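Everything on this sheet refers to the single structure shown next.
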Amino acid sequence: MAGLTAAALAVVAFLAYQASANVPANLEKPSAAAPSPRPSEAAKGPRKDPLAVPTGSGKGVRVVYSLSERRVWLVGAGQLTQTFPVVPSTLSPRPGTYEVTSRSGRIEGSDGVEIEHVVRFAKVDDVSIGFSAAVDGSMASPAPGRKTGGVRMKRADGDAMWTFATIGSKVVVVP
């Protein structure tokens with residue numbers, strides 16, 4: 001029950017953040033100290049370069065996973081190594097910093113699909129959350145209502161993730 005409550009609070013907090021970041025300019029209260037408030041990053045619309053590493057995702061070697069953009073960036077020592085789209089699982093971790101806790105070469109996923117190069121970094125409602133690639137190359141969205149934790153990617157991207165994200169590697173989840 002506590003896990004469900006925590007998950008519900010996380011969803012509400014995320015939705016509140018999105019709502020506050022997308023308030024139309026004509027509804028914002030003008031500040032006495034600042035005549036024209038700066039719009040938030042989300043309110044500006046699409047980022048200038050959607051393939052660039054999101055600002056505020058930290059520094060150093062890391063994996064960056066954007067929930068809203070459905071994209072992953074592998075960031076090496078000060079530079080972008082690779083970026084690719086992903087298909088999120090039905091359960092998502094809260095924005096924050098995690099680390100890779102376990103890996104599996106080839107197993108059956110929580111949705112029954114054979115997967116490879118599993119890189120786990122979080123748990124939500126007792127379900128492990130991790131990156132993986134389906135052996136058959138599929139990237140279908142998971143069935144709604146099922147608790148799945150696999151963030152799917154193409155096999156070539158899964159190979160890159162496997163090589164890049166070893167045990168203890170930093171994973172930063174951004175909204």
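Listed values, structure above:
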| read-out | value |
| --- | --- |
| Eligible aspartates and glutamates near Lys154 by straight Cα distance, threshold 13 Å, same-chain separation 8 or greater | Glu116, Asp136 |
| Carbon/sulfur fraction of accessible area - region 125-175, other protein chains in place, 1.4 Å, % | 54 percent |
| Solvent exposure ordering (accessible area, 1.4 Å, most first) of Trp73, Trp162 | Trp162, Trp73 |
| For region 49-175: accessible area per residue (Å², 1.4 Å) | 47 Å² |
| Partner aspartates and glutamates for Lys170 [C-alpha distance under 16 Å; skip if fewer than 8 residues away on the same chain] | Glu99 |
| Reachable aspartates and glutamates from Lys48, criterion Cα separation under 20 angstrom, eight or more residues apart if same chain | Glu69 |
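The values are calculated or read from the model by the stated rules, or taken from the named source; none is laboratory data. Just so it is clear, the model here is predicted, and its values are computed rather than measured. Side chains included, ligands, DNA and RNA excluded: accessible areas come from the protein's heavy atoms. Shrake-Rupley method; radii C 1.70, N 1.55, O 1.52, S 1.80 Å.
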